[in-house]
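Read through the structure below, which is laid out as structure tokens, and then see the notes.
The values are calculated or read from the model by the stated rules, or taken from the named source; none is laboratory data. Computed from a predicted model, the values in this text were never measured in an experiment. Cβ placement follows ideal geometry from the backbone for every residue including glycine, while neighbour counts extend to all protein chains displayed.
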Amino acid sequence: MMKTLDLIVPCYNEEAVLPLFYETVRKTVSSLPGYRATLIFVDDGSTDGTLRALKSFAARDASVRYLSFSRNFGKESAMLAGLRASQSDLVAFLDADLQHDPALLGPMLEALEEGYDVAAAKRTDRAGENKLKSKLSDAFYRAANRITEVEIDPGAQDFRVMKRKVADAILSLSEHRRFTKGMFAFVGFKTKWFPHENAERAAGDTKWNYKKLLSYAADGIFAYSDLPLRLPLYGGLSLLAGSVLFALVLLIVRLCGVHVPGTLGVLFAVLFLAALILLCVGVFGEYLARVYGEAKGRPHYIVSESNLPSARKP
Ligand code: UDP
Ligand code: MG
């Protein structure tokens, strides 16, 4: 029996690369016997001709589905929308810029046949990527893995194919601020990793900037660790011990008859403590903001149009 495979493709201003992407992927999936593939494009509020391109694919190809957001909600929301729209046996995530080599889909599907639940791509090099960005990202994953409850592979990419049960597990995580790599690590399952060279973008520009990357990294830490919440406690205890020691030293010096001018010490202590308190409040604020975000229960995205059959509308 033919297995159904949904390929979820988040697109944000990808007009330049979409025709090439579509042709390449179509060719690849038609050479995969035993699978009936559907392309689910999620237009993440693009301002260029992305939606027009998607509509033209859909007009001539019945296996193309698209949904278009009312504005840019981010790649994580686009991937969630794609997952919700999918009902297939197997689900794949693929970037629109052809940095994720569709030729890897064949071996990935074979791995699932062999009994793996997830087949995921892992970066082997960072050619074509900004040096500073790579360094920052490596440092982030090292730090994150040390303090979070899940182990995230630093080279892990969003490029993967999974079985229905894995897709359902990811869907069962309802948090608002989504960090897919962390969620995959959290749900577990038998994963086979595929080394994957980082290809240059086929066309168009990257949509990431340092602000987006920083907020993505922060989500990764704050969503998966409560160590920052406990830091004030540890800091407070150490500071208490330190200050008792400091007071003892002052007392001994005083008892030895030496005069100690107090103003400088007091000034330092006031500034230091104020900074520390602000820092702690900031950490609480981080979590509070996230709790607030979740409590508001707003939708992850808003769809303005789609060609999904109405029963499958998210
Ligand atoms: N993307 C998206 N919404 C965004 C940013 C990116 O749907 O707000 C999509 C983008 O169209 C591409 C994928 O996510 O298909 C990866 O984005 P990009 O290539 O810009 O990131 P990079 O590969 O440079 O990390
Ligand atoms: Mg890219």
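Which condition number in (1) crowded, with 20+ Cβ neighbours inside 10 Å; (2) of a type in the set (A, V, I, L, M); (3) within 13 Å of ligand 1 (Cβ to nearest atom) is the one that Ala16 fails?
If we test Ala16 against (1) crowded, with 20+ Cβ neighbours inside 10 Å; (2) of a type in the set (A, V, I, L, M); (3) within 13 Å of ligand 1 (Cβ to nearest atom), just (1) comes out false.
If I filter the range 58-100 down to residues being in a helix (DSSP H, G or I) and of a type in the set (Gly, Ala, Ser), which single residue comes out as farthest from Arg160 (Cα to Cα)?
Residue satisfying both the conditions and the ranking: Ala59.
Pairs only if they're at least six apart or on different chains, beta carbon under 8 angstrom, first in the range 102-125 and modelled with pLDDT of 90 or more, second small (Gly, Ala, Ser) and in a helix (DSSP H, G or I); list them, first residue then second.
Close Cβ pairs satisfying both conditions: Ala119/Ala111.
Yes or no: Asp89 near ligand 1 (Cβ under 8 Å from one of its atoms) and among the charged types (D, E, K, R)?
No.
Yes/no per residue for (1) polar (S, T, N, Q); (2) within 16 Å of ligand 1 (Cβ to nearest atom):
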{"position": "Lys163", "(1), (2)": "no, no"}
{"position": "Leu173", "(1), (2)": "no, no"}
{"position": "Arg177", "(1), (2)": "no, yes"}
{"position": "Phe186", "(1), (2)": "no, no"}
{"position": "Thr191", "(1), (2)": "yes, no"}
{"position": "Asn209", "(1), (2)": "yes, yes"}
{"position": "Ile221", "(1), (2)": "no, no"}
{"position": "Leu240", "(1), (2)": "no, no"}
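Taking the criterion of being within 23 Å of the chain's Cα centre (by Cα), within 16 Å of ligand 1 (Cβ to nearest atom) and in a loop (DSSP other than H, G, I, E, B), would at least one residue in the range 36-45 satisfy it?
Yes: the range 36-45 contains one or more residues that are within 23 Å of the chain's Cα centre (by Cα), within 16 Å of ligand 1 (Cβ to nearest atom) and in a loop (DSSP other than H, G, I, E, B).
Are any of the residues in the range 173-194 more than 26 Å from Glu114 (Cβ to Cβ) and loosely packed, with under 13 Cβ neighbours inside 10 Å?
Yes; the residues of the range 173-194 include at least one that is more than 26 Å from Glu114 (Cβ to Cβ) and loosely packed, with under 13 Cβ neighbours inside 10 Å.
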